Structure formats: structure tokens, C-alpha cells
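What follows is calculated from the coordinates using simple rules that are stated; it is not laboratory data. Note that the structure is predicted; figures quoted are calculated from it, not measured. Cβ coordinates were reconstructed from backbone atoms using ideal geometry, including for glycine residues, and neighbour counts include every protein chain displayed.
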Amino acid sequence: MGRVNSPLTVGHAASKRTRMAALCLLALLMLVVPLRGAFAQSDALPGTTTPAPAAPAQMLLNADSLTYNRDKDVVTASGHVQIHYKGRSLQADKVRYDRKSKRVFASGHAKLTDPDGTVSYADRFELTDDFKQGFIDGLRSDTADKTHFSAARAERGDDVTTLDRGLYSACKPCARHPERAPLWQIKARRIIANGQSHEIYYEDAYLEFLGVPIAYVPYFSSPDSSVTRKSGFLAPQYFYKTALGVTVTTPYFWDLAPNYDLTFSPTVLSRQGFLGDVEWRHRLSNGAYSIRVAGIAQQDRQVFYDPPFGPGSKVFRGEIDSKGEFNINKNWKFGWNGTYASDKWFQSDYKLSAADYAQTYFGEQRSDVYLTGQSARSYFNLSSDYFAGLSKFDLQSQQGQVWPSLAYNRAFSLDPATTGGIGGEFDLDANITHVSRQLAAWQSTGLRQFDNAYSLFDVCTAYTPGTANGNCLLRGIGGDYTRATLNLSWKRRFIDPLGAEWTPFVFGHLNAEWLSLNTTDGTTFSSSSGTSTISNAPQTVYFGGKANGFAGQAIPGAGVDYRYPFYARLGSTTQIVEPIAQIVARPNTPAPAMLPNEDSQSLVFDDSSLFEWSKFSGNDRFETGVRANVGGQYTVDFDDGGYANIMAGRSFQLAGQNAYATLDAANIGFGSGLGQNASDYVARMTLAPNAHFALITKARIDPHSLSAKRLDVALNTNFNGLSTSLLYARYTAEPALGYAYRREGLATTTKYRFAKNYFVDGQVVFDLSRYLYNGSLVKVSRFAVSSAGLGFGYINDCIAFGVNYTSTYTDPTSSSRTRNQTVMVKLQLRTLGSTTVHQSLGTSQVNQAY
């Protein structure tokens, strides 16, 4: 029997009865809408105009056969039935339409597809003639975002679907064994999905893993997967720490409007009481801001260390955080990021938020407000910064505060036709910075000396600058320091007929410095162990006996950069050999008597700075005299994407004052490898033959012994699910800079993915020079552990589970250290949320032979 295609045609092979039934059904569909339109027009008021009725929705029907029972007024379609109506599609082996009750019955491989992409399978559908409402037996429903419902029986409404003895999961069924329970599911006596509020309600619900119940909830609700934000409780968090007790946080999120919300995170601590935490977020048309307030009135204050090791017996502790950023226009923005805390231990004690990079590695917290403008060729930034030291080794009065800092850069491309053939690029760079600090920051040369009271803070017993007899470094001035810098430069690139590249350049460096030292303030520490004083008075020794003054420098310069790359094609590789030479000439400018150094203390001479016009890291210091920089590099590129590169070079002071041999209050320049007329060698090697292996090595090499004074190695591999990262660093001792011992460390991270969804990872950091700190007093392992961690997890399309153990060590200057151990378990169920449990295993004193 031929297929029936309605409403347009009926197959010629159909029987007379089949064709008659199809024609009757078509006639019925054609009559319904005109009659409705006629009644509507007859009810219209005289003199009014009634708009024409909308065109009826078209129903498309495909079936192997179609029959009509006049007695029962029932139309039946059989065999591969497909009906498309108002965006919905119904498929089944058999569909029966009862014209009297206007009900549609579908059975046999029944499938209903909704306009939103949800596909429902059932043993039997009983629906209204628009497919919106009805009853479903043996339901299994898959939504467009890959969530899954099933029920023995369901009732379908316009906006609400009720599932009796229902199941819900975001895990797709096992392809090989679909009859098995998914990884996790919610089994409930009743599940109600409200399409209008986009909320799913569960009654008498069990959370099951692999079909095994592990938790029971009499009633709860969750937003459906289409919701991105909605008021309600968020996943709870659990934590245990000896000083806090058992800690439970249950956040509640208020979706007050599409562009602002409020999150209240009350925390109950069995040992300390109640901690309140409220965060307000507001997004406007041109930006967004947030404000967070947290605080607690502590019940058991004796568990915390007394200052300066801890907050002591404070009753109230808390903090206020705010950040925001607003676009003034497409080029300008204004923003801030600030924190005010009752003490520097509050965040770490109460685990309020994950520490950022600066907090983790530098032990500081930065608050700033800024105005920034940026275009394709220019940059402007005006900011003020407040730094708070978070380590117990920090004195807040020794933290430098920047009020304010202004930076401006503008690059100009010069057209040779309009500049008399000059052309090239002109660059303007300006900076004005004011630094204020209440108390001078001192550090002894050689072995570091700490205060007698607490053995925490750097002190000096004598104050003599220099490297020969110097015994104290001035890391930061106590008082006020203002510096204005203007750098102007021009350069142009030429290529000669032989293919060599010439880049002549000229520049000017202007520096103006105002210094006002605070020579009166100081602080004294006293305890049963002794007394120590940090004083501002000795500062004048480092600045020619002056406490106040002005100094300036004007350094013009010119030079040329020469490169001549040789290209060769060998086999499947492209190889380049490139010699590089540069000469920079400046007048012999003597160093001023007052030479503060606040922003140029991180001087590192390596391949990246070899051809810089000034190798100092900031604006407080600048190169002088005539210097030649020479080197070369070799590069090979493989056709399959791999490459290798080797670079080496050296720098020579040809004439004039060597700025790196002119020491400032912090001895910067000494030990840099640039203090002699002929510098140390610098080299770099990069090897990446494929996407699975990469090795980068950098070194600064003594020209006489050829030993590495500074060595950095980074190795990354990724083979068959096993990824490894290794970082190694070794720097020679520099007593004149406060580093009495060699600094050496090794950090390695490994992650292995197996069985598609599982992974195990680990990381360990070794302090390879710690064994030198205590001489023969304490036996210390050559591989002293600074931190270690181990983790295991499982991730797939519906669940993420992880367990992590971390062990960290503090107080690296003592013979015994404190080890902090923590276990964290995190479970995330897609569409339902996540929960985290922290368990502190406590702290312990460990001997470093451990």
C-alpha cells in the first residue's frame, strides 16, 4: 500500500476507503477555520472593521495507511506515521485522532519533538490536538542541553509537566547498556517541571550514584538548565580547621534584576560563632562594580597568636572589598580594586577567597584606583596604589605607597616624504611617580640579620653602604620620593643591497628626582628575647649626608643595530644564522650624589635584555657611557611545525662611566654580570621538535671559569595523556646583595589522564639550597621539600569529582619549620551545582632532616 501524504496529496495506490478518509480529514481541516472566522465576524459591532483572520496552521501528515471510522468519528494513521504541526513533530507506528474528544493517541515507537529541541519517547501518548497537553506512559525525555527525564507516567500541561516516580539526570545513558543506571540521578516520587518559572521541583527525592541511594531530601528545587541566574540557595561549603572548628557556609543568591544581585553567605563556625558575608554586584551600561563586606565577633580569641605572629585577642575582625571598572568611551576606562581589613591574617584565617598571584607568591595585597586610555599608538595611565604586606615578616610601615603614578607613551610613524627623508618611528615615553614610606626598609649584606625580639624583621647593626666594607642595604627610603622621567627616541630600519638590516637610533633620557627623607621616625621591638630598633636616622649616610634635595640627569645617546641573517634550505628544514651587533654611545655622565632606587632593583642580565639600550628594569637607573652588545642566533624551522633556536652574546663597556659599577643604596649592579668592562656571557636554547616536547634553557656564564652564575631550565612534555612540567633555577651567592648562599630550587608538576575520564596529578617544590642555611647545626636533606600536593579526579559530561592533598612549609629561615596539611574534596554535578569540603589536618613542627 502506498504512503499517504496529507494535506496536499493522497497516494494513488491507496484504497478507495483510504482516499475517502483522507479527503474527509482534509475537508474537516478546511472547514474548521472558516466557520470560526464567520462566527467572529457576526459578533462584531456595526460600523467596525474586523481584521481578516490569520491563515490556519498547516498540518503535514505522512503514513502508510489512513482510515476513517464514521461511527466513532475516529481517524487512524498507521505505519511510519509522521505528523508536523505548529513546530511540533509526532512520530509513531500508529496514531489515532478522536474528533469528538479532540484527543490524539500515539503508540508504538512513539516520539514527540518540541520546538525547543526536547525529544520525548513513550510507550503511549494521549495528547490534545495541538500536542501541548496530555498524558504519557513510559516517558523518556532528552532536552536540547543534554539533560534527561524519565517516568512511569507523566502529565503534560501548557507550562507544567508532572512526572510520577520520575528520574532526572544530566548524564547520558551508557551506549552499550542503556538499561543501567547513569552515573548519578535524582529519583523522586514526583518531579514537577515548570516551564514558566524554569524551576524543577522534587518531592521525596533520593540522590543515587550508580543506582545506589546516598542522600535523601524530602523536598528541594533547582532551576532548569536554561537558567543562567536565579534566586535560591547555592551549594554549601564545608571546612574544618582547629582554630575555627567545623565550618558550614550556605550561600543564598538574590537575583534582584538582570543587572544587579546580592549574595549572602552566612557561615556557622562551631568554635568562633557566626560570620556574615554579603556581596553586592551591579552591572551598568558602561561597566560594573561590586562591594563585599564580611565580619565576625569571635567567641574563642585565645586560639590565635599574639602580634606580630597573629591578630591576638581582637573581638571583631572583618574586611571590606570593592572593585569596579567603567568604560568612559571606547578608549578610556576608570576603575578601582580595594580591600580594607581589620588585620592581615583575616582572609587566610577564615578562607574567604582564593588568594591571587601577588598574595600567594609575594605575600602582599594591592589596592588601586586608575584612569587608563589606550589607542592603537598611545597609552595613558594615572593610578594610585596601596600595598599591604600579608606575611608575618612584613612591617606595614615599611611598605611603599604610590601616590600617584602617571605613565604616558605615544608612538609616531614618520613619513619620509613629509619629514625631509627622515622617516622611521618616533617614540615618547613619560612617567611621574611619587613613593611614600613611613619607615626605611633595611637589609644586611651577607647573612641576613633579624630583630632580637621576634626574629621576624630585617635589621642592620651598622649602616655602611658599598660592597667592600658595606654591611647594610637600603631597600626602600623612609620619607617621600618623587621622580619625573622623559624618554624620547627615534629609529628607522634599512635593508642594504646585501640583505643586511641596519637600524640607527637616537634617544634622550631625562630624569628629575626630589627626595625628602624622614630621619626622625623609628620603631622598637621588645620581648623576653631582647630588644631591637629600626630607625630612619642612618639614611643620610647613603645620600651624601643630605636629607633633602633635588637631582637630575640628562643623557642623550645614539647608536646603530646591525643584523645579517643567512637563510638556507636543507632537506625538510629552513635554517637561519643571524649575527647581531649593536653600539650605543652616551656621554660620560657622572652619577648624582643622591641616587635612590625604588623601581630598578630587579636587574637581570640575560638574552632578553642583551640588546636593550638600558638594561635596568625601571626608570630610577639608566646606562651611561659607550657600550657594545654583540651576539648571534641560530634558528631551524622544521616543515612539520617543530623548531629550535640558540642565542648567545656578550656586552662590552667601551668608554665612560659604567652604570652597573656605580652602586646605589641597594647595591644594584653588583653581581649583575655587567660590572666589568667585558660582561658575562648570556645564552638561551629553545628546543621544540614537536607539540609534545619543549625545552627552554637560559644561562649567564662566567667568562673565566665558564661556570653558570645563573641557570634557568623549563621542560614541558605531553605524551599519551601524561603531561609533565619541570622548572629548575640555580643562582650563585651574592652577599653584597643580601644573598649569602646559593639559591637553588626545583619545581615539578605531573598530570596523567587515563581511562578517558580519570586523572591523577601531583606537584612538589624542592628548596635545594636550604641545607646550606644552618651549616652543621641541623642535618637537612639536599632535597628539602617546600610544598607538595597530590590529587585524583574524574571528569565527564555530567560530573566533576576531585580530591586534593596539599602540604606547605613556612618559616624558611628557621632550623625547624611548620607544616600545614589540608585535604579538599570537590563534587560538581552539572545543572545541580557543586560543593566543597576542606579538612585541615593541622600544623606540626618538622625537623628539616625530614
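Dimensions of the chain from C-alpha coordinates, computed as largest minus smallest value along each principal axis and given longest first, are 117, 79, 67 Å.
FRET efficiency for Thr520 and Asn820, Cβ-Cβ distance as r, R0 = 56 Å, nearest 0.05? For R0 = 56 Å, the calculated efficiency reads 0.85. The helix-only estimate of mean residue ellipticity at 222 nm for the chain, built from DSSP H runs of length n ≥ 4 each weighted as -39500 (n - 2.57), is -1000 deg cm²/dmol after division by the residue total.
Positive end of the charge dipole of the chain (Lys, Arg +1 and Asp, Glu -1 on Cβ, about the Cα centre): tell me which of Tyr463, Asn259, Tyr564 has its Cα farthest that way. Of the options given, the answer is Asn259. For segment 73-144, the residue among Pro115, Val75, Val95 whose Cα projects farthest onto the positive side of the dipole built from Cβ charges is Val75.
Counting Lys and Arg as +1 and Asp and Glu as -1 over every other residue whose Cβ lies under 12 Å from the Cβ of Phe670, the net charge comes to -2. Normalised by 2.2 N^0.38 Å, with N the number of residues, the alpha-carbon radius of gyration of segment 659-775 equals 1.39.
A cut-off under 15 angstrom between Cβ atoms defines the neighbours of Ala297, and their net charge, with Lys, Arg +1 and Asp, Glu -1, is -1.
Where the alpha-carbon atoms of segment 65-187 are placed on the principal axes, they occupy 51, 30, 25 Å, in descending order.
Stokes-Einstein diffusion for segment 83-143 at 25 °C, viscosity 0.890 mPa s, with a Kirkwood radius from C-alpha pairs, works out to 217 µm²/s. Percent of Cα pairs in segment 61-103 per distance bin of 5 Å, from zero to the largest separation: 6, 24, 27, 25, 15, 2, 0. Going by alpha carbons, how many degrees (0 to 90, nearest 10) lie between the helix axis of 16-42 and the longest principal axis of the chain? With rounding to tens, the tilt is 80 degrees. Taken about its Cα centre, the chain carries a charge dipole of roughly 2180 debye when the Cβ of each Lys and Arg holds +1 and the Cβ of each Asp and Glu holds -1. Given +1 at the Cβ of Lys and Arg, -1 at the Cβ of Asp and Glu and no other charges, the dipole of segment 481-564 around its Cα centre is 160 debye to the nearest 20. In terms of overall dimensions, the C-alpha atoms belonging to segment 516-590 reach 76, 40, 14 Å along their principal axes, ordered largest to smallest.
Evaluating kT/(6 pi eta Rh) at 20 °C and 1.002 mPa s, with the Kirkwood radius of segment 202-314 over Cα pairs in the Stokes-Einstein relation, gives 124 µm² s⁻¹.
With all pairs of separate Cα atoms included, segment 347-486 yields a Kirkwood hydrodynamic radius of 18.8 Å. Over the Cα atoms of segment 309-415, the radius of gyration divided by the Kirkwood radius equals 1.10; this is the Rg/Rh ratio. Simple rule: put +1 on each Lys or Arg Cβ and -1 on each Asp or Glu Cβ in the chain, find the dipole, and look at Val785, Ser225, Ile328; the Cα lying farthest toward the positive end is Ser225. Of all the C-alpha pairs in segment 127-213, what % are more than 19 Å from each other? Across segment 127-213, Cα pairs with separations above 19 Å total 38 percent.
Computed as a quarter of the hull surface, the mean projected area of the alpha carbon convex hull for segment 441-516 stands at 9.9 nm². The coefficient of translational diffusion for segment 510-634, derived via Stokes-Einstein from the alpha carbon Kirkwood radius under 20 °C and 1.002 mPa s, stands at 114 µm²/s. A convex hull fitted around the alpha carbon atoms of segment 588-692 yields 110 Å³ per residue. Within the shell of other residues whose beta carbon sits under 9 angstrom from the beta carbon of His198, the net charge comes to -1, with Lys and Arg scored +1 and Asp and Glu -1. Label segment 172-214 by shape, choosing from rounded, prolate and oblate, from the square roots a ≥ b ≥ c of the eigenvalues of the Cα gyration tensor; if a/c is under 1.5 it is rounded, and otherwise prolate applies when a/b is larger than b/c, oblate when it is not. Note, shape of segment 172-214 comes out oblate. Think of each Lys and Arg Cβ as +1 and each Asp and Glu Cβ as -1; about the Cα centre, that makes the dipole of segment 319-458 roughly 140 debye.
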